[in-house]
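The values are calculated or read from the model by the stated rules, or taken from the named source; none is laboratory data. This is a predicted model, so every value here is computed, not measured. A quick note on method: Cβ atoms are made from the backbone with ideal geometry, for glycine too, and the neighbour counts reach across all protein chains shown.
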Amino acid sequence: MAAGQAAVPAATLHACPADADGNDRPRPRPALVVGVAALTVLATGLGAVPVLFVAEQAARLRPWLDGLVIWVMGVAAVAGLLVPAFRTGSPPALVLGTVAGAGGLWWARRRLRARSGPGPGPGAVAEERARLTFGIFFVHSLPEGLALGSAMAAAGPLAVFVVLAVAIQNIPEGTATALAMRAAGRGRADQVRSAVLTSVPQVPGAVAAWLAVDAVDAVLPASFAAAGAAMLLLVLGDLVPEARTSGSPARVAGGALGGGGVMVALAVLLNAPGA
């Protein structure tokens, strides 16, 4: 080493991986990953607030919110995760990630639905629907957490884009959960608590994805593919069929256009990969 040249700690070098565009960016600390994921969880509770005060108006907005979630999550899955994965990943990594993400979500969804079924007595249907709504959003939160952790490991505009996408779509998910709990006769505290708890898996999912990429940088494309495939599957397999039963296709379309417009604008402003 030349005289006067400062030594660069190995930890500093390890903390500056190449992002989805091939640029070196500092990688956030685990505490920041946990903190950001926790904030997205709280956004779900924010979505429950309107149900506490204007439940009927919130219920009428449900088709708009369904459309919003579909396109926010769809754009995030494709532009924020799958496109960067296919730009940088090898075919084996992409296949492995896609199969793991979509297959894992399919298995969890199948197990959840197999255990559901209304019991006898008045209100049993509403109670079972509340449980199923909670369970579906709870399962959905894990791939959203994987998306958070993978994007934050990549750092840069992509991380901001995916974090905002997850936080935005968490709000109407909280509204939907609170509405289902209210229909089942749950109290206000339980409505908010249930909404927040649906997104709790985002925290361990984000940490797990971040740790995997932090340990082996080559895992990043596979992690993107897994999270993106899972999110796209839940959009096409759950959210779209659910929105079709709303009876208000024009409102769903309006929410979808609004959500897609917001995410495309964010992608352009942030110059996120895939935009």
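Taking segment 258-271 as the range and being over 26 Å from P91 (Cα atoms) and either crowded, with 19+ Cβ neighbours inside 10 Å or at pLDDT 85 or above (or both) as the test, the residues that pass are G259, M263, L266.
For beta carbons closer than 9 Å, sequence separation of 6+ or different chains, a first residue in segment 29-51 that is over 19 Å from A189 (Cα atoms) and a second that is of a type in the set (F, W, Y), the qualifying pairs are P30/W210; V33/W210.
Is it the case that G274 is in contact with a helix residue (DSSP H, G or I) (Cβ under 8 Å, 6 or more places away or on another chain), in a helix (DSSP H, G or I) and at pLDDT below 85? Taking the combined requirement at face value, the residue does not satisfy it. Flag: V200 matches the condition of being in contact (Cβ under 8 Å) with a residue 40 or more places away in the chain, outside any helix (DSSP H, G or I), out of contact with any Asp or Glu (no Cβ under 7 Å at 6 or more places or on another chain) and closer than 25 Å to V34 by Cα. Of the helices (runs of 4 or more DSSP H) entirely within segment 1-67, those holding at least 3 residues that are within 16 Å of the chain's Cα centre (by Cα) and either of a type in the set (G, A, S) or at pLDDT 85 or above (or both) occupy 30-53. For the condition in a helix (DSSP H, G or I) and either modelled with pLDDT of 85 or more or aromatic (F, W, Y) (or both), A79 does not qualify. Suppose we keep only residues that are of a type outside the set (A, V, I, L, M) and under 14 Å from the mean Cα position of the chain (by Cα) within segment 223-237. Which one would you say is surrounded by the fewest Cβ atoms within 10 Å (Cβ to Cβ)? If we take residues in segment 223-237 being of a type outside the set (A, V, I, L, M) and under 14 Å from the mean Cα position of the chain (by Cα), then S223 is surrounded by the fewest Cβ atoms within 10 Å (Cβ to Cβ). Does any residue of segment 118-127 turn out to be surrounded by 14 or more Cβ atoms within 10 Å (Cβ to Cβ), farther than 20 Å from G205 by Cβ and at pLDDT 80 or above? Yes: segment 118-127 contains one or more residues that are surrounded by 14 or more Cβ atoms within 10 Å (Cβ to Cβ), farther than 20 Å from G205 by Cβ and at pLDDT 80 or above. Residues in segment 128-174 that are surrounded by fewer than 24 Cβ atoms within 10 Å (Cβ to Cβ) and polar (S, T, N, Q): T133 only. Filtered by the rule that a residue be outside any helix (DSSP H, G or I) and touching a residue at least 24 places away in the same chain (Cβ under 8 Å), segment 229-246 gives a lone residue, S246.
Which condition from (1) surrounded by fewer than 21 Cβ atoms within 10 Å (Cβ to Cβ); (2) touching a helix residue (DSSP H, G or I) at 6+ places or on another chain (Cβ under 9 Å) is the one that P91 breaks? Going through (1) surrounded by fewer than 21 Cβ atoms within 10 Å (Cβ to Cβ); (2) touching a helix residue (DSSP H, G or I) at 6+ places or on another chain (Cβ under 9 Å) one by one, P91 breaks only (2).
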